[in-house]
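In what follows, a single structure is set out as structure tokens and then discussed.
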Amino acid sequence: MAKKRMLATVLGERQDTPPIWIMRQAGRYLPEYRETRAKAGGFLDLCYNPELATEVTLQPLRRFDLDAAILFSDILVIPDALGQNVRFEVGEGPILEPIGLKGIDGLSRERALEHLAPVLEAVTRIRSALAPEKTLIGFCGSPWTVATYMLNGRSSPDQWVARRFALEHPGAFARLMDVLVETSIDYLVAQFVAGADVVQLFESWALNLDDAAFNTQVIEPNRRIIAGVRRRIPDAPIIGFPRGAAGNLKRYAERTGVNALGLDYATPLDFADSTLPKDLPVQGNLDPLRLVVGGAAMEKRVIEIKEAFANRPHIFNLGHGIVPETPIAHVERLVELVKKG
Ligand code: 1CP
């Protein structure tokens, strides 16, 4: 059977040229995505429509020689499945009814997986449509990151509401983390059973935390999810992406049990390579803005990133999501450059 280069790299095998996928690779920079999205109605309707979610997941692989597909969904389907209403407004991002102390105790795990059944159906459809050498990545948001949206009701630049809540109401906060940890374990196990090869934990708001808070709010919940998934799927391959972890990166890598570590673009290449265990696979970390601008601004940096991680397993990716302004020709050029020996 054809080798899955991306999966093999997550499992610790260095490749001659790094496999590549692009964070948020299905999205608004693609005209075919915009067209399918318009057909679906709202954004969540697209996430819960197995046929259309499969279609948009596969779109970027038809255009570019990527090594992996990532399930089209969102990290906020978990609060939605737990009974907290989630909406997406065009140009505004996600909007939730902020959850308070009472709301936390009203969350219900009972029907969460049932609610997520269309997403799991999409995983199965994608896997059967995908070439055998392509890796299928499933995902969920890490509990702290999901909690920042649940507590604040929308994106916030400094996660002030959630950080304050965690300090002021440690008991209620711990109960919220417990619900998110347990739901995420069930959801990720179900994604593996449905056909995912690898899963990624998106901890997009791992920044702005002191190291004590980082331990309890980021490391512990991620560690518990990974241990919980592996109790049911031994050796399940898992990537962690703690965006903004900075000086906490090494302890995240060592204590959570991740197979591979996603690096944001602000992580210095020499710092990452000298700090992290020598055999730890890393993923990243081109600034998405360099992909928008292209030319020398992109090309020189792509080579620097490849060279920095040439001696360890490395998956090429952006250091955060691709943005709608990105020219498609620049993505084509990026894939070509990464694949060149
Ligand atoms: O191909 C893919 O990668 C698409 C699948 C995907 C993933 C992995 C989407 C679709 N969302 C996500 C993860 C996600 N969602 C994260 C973690 C990654 C990251 O840090 O970017 C986060 C924080 C969210 C929450 C979210 N959903 C935001 C961010 C708001 C903020 O605080 O900055 C937004 C704008 C969304 C909507 C969304 N999700 C996905 C897409 C393509 C979109 C845009 C919606 C549209 O079509 O207009």
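Could you tell me whether THR9 is assigned to a helix (DSSP H, G or I) and in contact with a Leu (Cβ under 8 Å, 6 or more places away or on another chain)?
For THR9, the condition - assigned to a helix (DSSP H, G or I) and in contact with a Leu (Cβ under 8 Å, 6 or more places away or on another chain) - is not met.
Scan the range 9-17 and give yes if some residue there is within 13 Å of the ligand (Cβ to nearest atom), modelled with pLDDT of 95 or more and in contact with a Pro (Cβ under 8 Å, 6 or more places away or on another chain), otherwise no.
no
Restricting attention to the range 25-39, which residues are more than 7 Å from the ligand (Cβ to nearest atom) and either closer than 22 Å to THR9 by Cβ or of a type in the set (Gly, Ala, Ser) (or both)?
Scanning the range 25-39 gives a single hit, ALA38.
Spot the failing condition for GLY42; the list is (1) within 10 Å of the ligand (Cβ to nearest atom); (2) at pLDDT 95 or above, and only one is missed.
(2)
Listed here are the residues, each with its yes/no results for (1) more than 16 Å from the ligand (Cβ to nearest atom); (2) among the charged types (D, E, K, R); (3) within 19 Å of the chain's Cα centre (by Cα).
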position: TYR265; (1), (2), (3): no, no, yes
position: THR275; (1), (2), (3): yes, no, no
position: LEU280; (1), (2), (3): yes, no, yes
position: LEU286; (1), (2), (3): no, no, yes
position: VAL292; (1), (2), (3): no, no, no
position: GLU307; (1), (2), (3): yes, yes, no
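If ALA122 meets every condition in (1) more than 12 Å from the ligand (Cβ to nearest atom); (2) buried (at least 21 other Cβ atoms within 10 Å of the Cβ) apart from one, which number is that one?
With (1) more than 12 Å from the ligand (Cβ to nearest atom); (2) buried (at least 21 other Cβ atoms within 10 Å of the Cβ) applied to ALA122, the lone miss is (1).
Only one of (1) assigned to a loop (DSSP other than H, G, I, E, B); (2) of a type outside the set (Lys, Arg); (3) modelled with pLDDT of 95 or more fails for SER156. Which number is that?
Among (1) assigned to a loop (DSSP other than H, G, I, E, B); (2) of a type outside the set (Lys, Arg); (3) modelled with pLDDT of 95 or more, SER156 violates only (3).
Among the residues of the range 26-43, are any surrounded by 23 or more Cβ atoms within 10 Å (Cβ to Cβ), hydroxyl-bearing (Ser, Thr, Tyr) and touching a helix residue (DSSP H, G or I) at 6+ places or on another chain (Cβ under 9 Å)?
No - not one qualifying residue is present in the range 26-43.
Can ARG255 be described as within 19 Å of VAL10 (Cα to Cα) and in contact with a helix residue (DSSP H, G or I) (Cβ under 7 Å, 6 or more places away or on another chain)?
yes
Can you name the number of the only condition in (1) buried (at least 19 other Cβ atoms within 10 Å of the Cβ); (2) in contact (Cβ under 8 Å) with a residue 24 or more places away in the chain; (3) assigned to a helix (DSSP H, G or I) that LEU52 fails?
Unmet for LEU52, out of (1) buried (at least 19 other Cβ atoms within 10 Å of the Cβ); (2) in contact (Cβ under 8 Å) with a residue 24 or more places away in the chain; (3) assigned to a helix (DSSP H, G or I): (2).
Could you say which residue among ARG333, ARG290, ARG312 is basic (Lys, Arg) and touching a strand residue (DSSP E or B) at 6+ places or on another chain (Cβ under 8 Å)?
Answer to the selection: ARG312.
Enumerate the pairs (first residue in the range 257-277 and over 19 Å from LYS300 (Cα atoms); second residue anywhere and charged (D, E, K, R) and not in a loop (DSSP other than H, G, I, E, B)) with beta-carbon separation below 7 Å, excluding pairs fewer than 6 apart on the same chain, so at least 6 apart or on different chains.
Matching pairs, first to second residue: GLY257/ARG223; THR275/LYS250; LEU276/LYS250.
Identify the single condition in (1) away from the ligand (no atom under 14 Å from the Cβ); (2) closer than 28 Å to LEU318 by Cβ that ALA227 does not satisfy, given that it satisfies every other one.
Here ALA227 meets the rest and fails (2).
Taking only the range 125-153 into account, find how many residues are assigned to a helix (DSSP H, G or I) and either within 16 Å of the ligand (Cβ to nearest atom) or touching a strand residue (DSSP E or B) at 6+ places or on another chain (Cβ under 7 Å) (or both).
Count: 14.
Which residues, taken from the range 61-99, are of a type in the set (D, E, K, R), assigned to a loop (DSSP other than H, G, I, E, B) and closer than 17 Å to VAL181 by Cα?
Matches in the range 61-99: ASP74 only.
The values are calculated or read from the model by the stated rules, or taken from the named source; none is laboratory data. Computed from a predicted structure; not experimentally measured. Cβ: placed from backbone, ideal geometry, glycine included. Neighbour counts: every protein chain shown.
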